[in-house]
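S.K.: Quick one: this structure, given as structure tokens, is what I'll be asking you about.
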Amino acid sequence: MSDRRFSVVICAYTEDRWDDIRAAVESVREQSLPALETLLVVDHNPVLLQRLTGEYRGEEKVRVLANAGPRGLSAGRNTGIAAARGEFVAFLDDDAVADPEWLRWFAEGYDSTEVVAVGGRTLPAWESGRRPAWFPEEFDWVVGASYLGLAPGKVRVRNVLGGNASFRRSAFDASGGFATGIGRDGDKRPLGCEETELCIRMANAIPGAVLLVDDRAVIHHRVPAARERFAYFRTRTYAEGLSKALVAKSVGAGKGLESERRYTTRVLPAGVVRGLRDAARGRRGGAGRAGAIVAGVATAAGGYLIGSARARRGGVTFSSGPIEPLPAGALPGEQR
């Protein structure tokens, strides 16, 4: 495994996360399997770009790049892929820190040449110090974390979660990169699912492709106080519905909603029953968790219906294509 070379891509867009970004980079430095390089991709923020370039000037293993595409997380990730020198490309959120064995567990997953992606387990780090009593574990994806209902251990999956994932660099040559028009765009509505769309497209493009999640590859994702509130929960679940409609438009509802059917018909009903049972026994937060699950399903369904209607009218667009080499001047030291 020691000969497996990883480029780690961290996409950043705001100075408000300065300390988080530095902590993320430091966690990559502390890996038991050293990364070949860390690529910091800055999303159309010249001030942050200049500040990070100065912070890491002279560090051989840290490169700071400007997003070479349109604003948004997908184009930022594609910029990192295009610049990556490693055989494997790992992605870490800019407000997360990786455990020291993170890359080692990723590397082990590539023992088979059929494996094109390996994801990990993301734990929420609540700013308040503990999970809100009403917040159901089944909806931890709302705050960018692994959720109750995912299979434990090292298992084959339809898609990995983008903030804690790795890919063979060559897989992007076959499938193209992340689709722009899906996913996060700075401070706008918290859309997602760009990694779902990519993984399905990748599996279709590469015969026999295997995607894995190994829950030993752990990162800790910071959850700010504003995201511990029900208002954010409602906004994020609605946005997820919009995003799922785009995925279904791209790859078809069969593959695009395959995992979600099991989740909504088995995992969530069991969560409601568990919450009501806890409430009947006088346990704190049980009724709130049951209610949040019902509300989350309703708002996600509403988002999906509206997103599907927009897609049918041609009111949304997105694109994906091959990863192109970075233009001249996109690397640190060449910024003008």
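S.K.: Only one residue in 161, 123 is of a type in the set (A, V, I, L, M, F, W, C) and in a loop (DSSP other than H, G, I, E, B), so which one is that?
M.R.: After ruling out the rest, the residue left standing is 161.
S.K.: I've got another one for you. Take residue 91 and decide whether it is modelled with pLDDT of 95 or more, surrounded by 19 or more Cβ atoms within 10 Å (Cβ to Cβ), of a type in the set (Phe, Trp, Tyr) and closer than 16 Å to residue 199 by Cβ.
M.R.: Considered against the rule, which asks whether it is modelled with pLDDT of 95 or more, surrounded by 19 or more Cβ atoms within 10 Å (Cβ to Cβ), of a type in the set (Phe, Trp, Tyr) and closer than 16 Å to residue 199 by Cβ, residue 91 comes out as yes.
To keep it simple, each residue is scored yes or no on (1) in contact with a His (Cβ under 7 Å, 6 or more places away or on another chain); (2) at pLDDT 95 or above; (3) crowded, with 17+ Cβ neighbours inside 10 Å; (4) part of a loop (DSSP other than H, G, I, E, B).
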{"residue": "214", "(1), (2), (3), (4)": "no, yes, yes, no"}
{"residue": "231", "(1), (2), (3), (4)": "no, yes, no, no"}
{"residue": "239", "(1), (2), (3), (4)": "no, no, yes, no"}
{"residue": "273", "(1), (2), (3), (4)": "no, yes, no, no"}
{"residue": "291", "(1), (2), (3), (4)": "no, yes, yes, no"}
{"residue": "296", "(1), (2), (3), (4)": "no, yes, yes, no"}
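S.K.: Within the range 65-85, can one find any residue that is among the basic types (Lys, Arg), buried (at least 16 other Cβ atoms within 10 Å of the Cβ) and out of contact with any strand residue (DSSP E or B) (no Cβ under 7 Å at 6 or more places or on another chain)?
M.R.: There is at least one residue in the range 65-85 that is among the basic types (Lys, Arg), buried (at least 16 other Cβ atoms within 10 Å of the Cβ) and out of contact with any strand residue (DSSP E or B) (no Cβ under 7 Å at 6 or more places or on another chain).
S.K.: Quick one: is residue 57 modelled with pLDDT under 95, more than 20 Å from residue 218 (Cβ to Cβ) and either among the hydrophobic types (A, V, I, L, M, F, W, C) or surrounded by fewer than 18 Cβ atoms within 10 Å (Cβ to Cβ) (or both)?
M.R.: Spelling it out, it is not the case that residue 57 is modelled with pLDDT under 95, more than 20 Å from residue 218 (Cβ to Cβ) and either among the hydrophobic types (A, V, I, L, M, F, W, C) or surrounded by fewer than 18 Cβ atoms within 10 Å (Cβ to Cβ) (or both).
S.K.: Being of a type in the set (A, V, I, L, M, F, W, C) and more than 26 Å from residue 152 (Cα to Cα) is the filter here, so list the residues in the range 217-250 that pass it.
M.R.: Across the range 217-250, the qualifying residues are 225, 226, 230, 231, 239, 242, 245, 246, 248.
S.K.: Pairs under 7 Å by beta carbon, first residue on the phi > 0 side of the Ramachandran plot in the range 190-208, partner at pLDDT 95 or above and surrounded by 24 or more Cβ atoms within 10 Å (Cβ to Cβ), six or more apart or different chains?
M.R.: Going by the 7 Å Cβ cut-off, there are no qualifying pairs.
S.K.: Any residue in the range 31-51 that is in contact with a His (Cβ under 8 Å, 6 or more places away or on another chain), surrounded by 15 or more Cβ atoms within 10 Å (Cβ to Cβ) and not acidic (Asp, Glu)?
M.R.: Taking every residue of the range 31-51 in turn, none turns out to be in contact with a His (Cβ under 8 Å, 6 or more places away or on another chain), surrounded by 15 or more Cβ atoms within 10 Å (Cβ to Cβ) and not acidic (Asp, Glu).
The values are calculated or read from the model by the stated rules, or taken from the named source; none is laboratory data. This is a predicted model, so every value here is computed, not measured. Cβ: placed from backbone, ideal geometry, glycine included. Neighbour counts: every protein chain shown.
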